[in-house]
1. Which condition does residue 73 not pass, out of (1) modelled with pLDDT under 85; (2) outside any helix (DSSP H, G or I), if it passes all the others?
2. Got a sec? Which of 252, 247 is closer than 20 Å to residue 41 by Cβ, at pLDDT below 85, buried (at least 23 other Cβ atoms within 10 Å of the Cβ) and within 13 Å of the chain's Cα centre (by Cα)?
3. So if I check each of 297, 302, which one is over 19 Å from residue 45 (Cβ atoms) and touching a strand residue (DSSP E or B) at 6+ places or on another chain (Cβ under 9 Å)?
4. For residues that are surrounded by 19 or more Cβ atoms within 10 Å (Cβ to Cβ) and touching a residue at least 24 places away in the same chain (Cβ under 8 Å), tally how many sit in the range 397-410.
5. Within the range 324-345, is there a residue that is under 24 Å from residue 162 (Cα atoms) and within 18 Å of the chain's Cα centre (by Cα)?
6. In this structure, is residue 184 surrounded by 18 or more Cβ atoms within 10 Å (Cβ to Cβ), in contact with a helix residue (DSSP H, G or I) (Cβ under 9 Å, 6 or more places away or on another chain) and outside any loop (DSSP other than H, G, I, E, B)?
7. Being within 15 Å of residue 110 (Cβ to Cβ) and either part of a helix (DSSP H, G or I) or without any contact (Cβ under 8 Å) to a residue 60 or more places away in the chain (or both) is the filter here, so list the residues in the range 292-323 that pass it.
């Protein structure tokens, strides 16, 4: 049955290889179960419910990838988008988390609509590659900055805005976890980020900084505090059109970049350069984002960590099926995961941020009309503490430079609409 459904012989693989690949993928991206709730709980959402929902939406979306396009790509709430949800929408704009969930829902609907009508390709072609790269790098800087704050290494200062914080016990635990992750990554050990989080949490338990849950394993899963709590109409205000589009094209670029990279790694690309089942994968991603809003989480996206499973030989949806099952099993450990402190997950933010920042080498800094808007995009995200502001500044500055140079044709009508929406969002 598995052979016929997943065509294992066609892809020159077997059940054992696919199962090992699925487990490898889970180990490398399992940190999201700890990190996503620690970010989203700052909006006032219930942490235990967030842990359960993170497991559920990761399992649901990954299983969809396994059963519809049948590819070895796993999904979960995306890093960067959970930061946008918390720090930009809720903490900066002052939107309720219920309305923010509504924004996630409508962004998913818009993404699905664009996928169904084929408009996603036009949007992708309209955005300059330098800005697409800059968005990823800027989000990486933003995550790194948040991670340093959560560890207490960077703190507020009335004169210089930020400064070096004092070394505390929690900060030292975070630093220890960070360097353990770095060591394991250098040694190419799977699950390095997950091990670092668990190590920091155990150290906190030993030092009495956190308390053990009453039960480590529980079948009593309650997601009612956040399930179906989205405010659909509250998210449809004119002032929130910009954030809806920002979230949509963040999801679009993040997903496309991951799908293209992983598809090439898994030999899912045809001779003419097209990717097998790309439309189905994008549709699944959009449906998963809609599901995130309904369940109570930031948007779900394809994870680049899927490449680790592919490197272990994963070639079919059976790899994703195994990964999805492990996310379901993680539901049993919700009580333990819920006690993990923010400073224990902070090293994960720093490391993921570094992974995203390394893409900066793709930008040609000698080509000023492209590199200057990219630099503004990257620097404004952490400094304004807003991903959407950084994106808006980048798009608008790129457009202004093209106008000054008289290169009106390079802007195009699609990019003109994006810039207009960015300008509305920024001024509003």
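1. (1)
2. After ruling out the rest, the residue left standing is 247.
3. Within the list 297, 302, the selection yields 302.
4. Total satisfying the criteria: 3.
5. Yes; the residues of the range 324-345 include at least one that is under 24 Å from residue 162 (Cα atoms) and within 18 Å of the chain's Cα centre (by Cα).
6. Against the criterion (surrounded by 18 or more Cβ atoms within 10 Å (Cβ to Cβ), in contact with a helix residue (DSSP H, G or I) (Cβ under 9 Å, 6 or more places away or on another chain) and outside any loop (DSSP other than H, G, I, E, B)), residue 184 qualifies.
7. Answer for the range 292-323, where residues must be within 15 Å of residue 110 (Cβ to Cβ) and either part of a helix (DSSP H, G or I) or without any contact (Cβ under 8 Å) to a residue 60 or more places away in the chain (or both): 292, 293.
Per-residue answers, yes or no, for (1) surrounded by fewer than 23 Cβ atoms within 10 Å (Cβ to Cβ); (2) without any contact (Cβ under 8 Å) to a residue 60 or more places away in the chain; (3) touching a helix residue (DSSP H, G or I) at 6+ places or on another chain (Cβ under 9 Å):
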position: 335; (1), (2), (3): yes, no, yes
position: 338; (1), (2), (3): yes, no, yes
position: 345; (1), (2), (3): no, no, yes
position: 353; (1), (2), (3): no, no, yes
position: 384; (1), (2), (3): yes, yes, yes
position: 391; (1), (2), (3): no, no, yes
position: 412; (1), (2), (3): yes, no, yes
position: 416; (1), (2), (3): yes, yes, yes
position: 427; (1), (2), (3): yes, yes, no
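The values are calculated or read from the model by the stated rules, or taken from the named source; none is laboratory data. Quick caveat, the model's predicted, so the values are computed rather than measured. Note: ideal-geometry Cβ built from the backbone for every residue, glycine included; neighbour counts use all protein chains shown.
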